[in-house]
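The values are calculated or read from the model by the stated rules, or taken from the named source; none is laboratory data. Note that the structure is a prediction, hence the values are computed from the model and not measured. Methodologically, a virtual Cβ is constructed for each residue, glycine included, from the backbone with ideal geometry; neighbour enumeration extends over all protein chains shown.
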């Protein structure tokens with residue numbers, strides 16, 4: 001509905017019409033300002049998200065590159081150790097004595113230690129006598145060493161055949177009722 005004041009003829013009516021138009025344009029300008037602020041906020045969030053994603057991708061890529069370098073250094077160290085073992089003894093060859101050799105390869109350095117594995121015992125494939133001898137050598141009494149060797153043999157046997165002196169059967173405990181009294185099998189006949 002149109003205000004009767006706006007219908008006034010002459011100068012007073014035109015002033016009132018201008019005031020009404022100015023108020024309407026001020027409201028539209030305020031709405032446009034709020035709309036621009038919302039768009040700027042959304043664009044700011046998008047920009048911050050893109051910057052964060054770019055930073056995380058850069059960190060991830062640098063970690064992948066560092067892992068590849070470390071893997072290449074390790075592989076080069078293995079190859080260098082194998083080459084040193086092929087050198088005849090007495091010509092500066094490395095010995096398999098567990099000593100550490102530090103070498104520089106490219107951008108990094110590698111510490112290489114070579115040990116002789118022939119003196120080790122594989123408990124998954126050793127016979128009972130070897131297991132008993134090993135356990136006695138580390139300080140176990142003979143009867144405990146024999147028992148433990150039989151237990152190891154029982155554990156690794158896929159057929160589940162028990163070895164003499166293997167694991168002891170679990171001790172049986174008397175059954176106890178809720179009241180704490182020992183129960184006995186009933187000897188009464190049920191009818």
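Of 133, 99, 125, 118, all but one fail to be surrounded by 10 or more Cβ atoms within 10 Å (Cβ to Cβ) and within 35 Å of the chain's Cα centre (by Cα); the exception is 99. The set of residues in region 136-157 that are loosely packed, with under 15 Cβ neighbours inside 10 Å and not in a helix (DSSP H, G or I) comprises 138, 139, 141, 157.
In the list 108, 165, which residue meets the criterion of being surrounded by 12 or more Cβ atoms within 10 Å (Cβ to Cβ), touching a helix residue (DSSP H, G or I) at 6+ places or on another chain (Cβ under 6 Å) and at pLDDT below 60?
Just a single option satisfies the conditions, and that option is 165.
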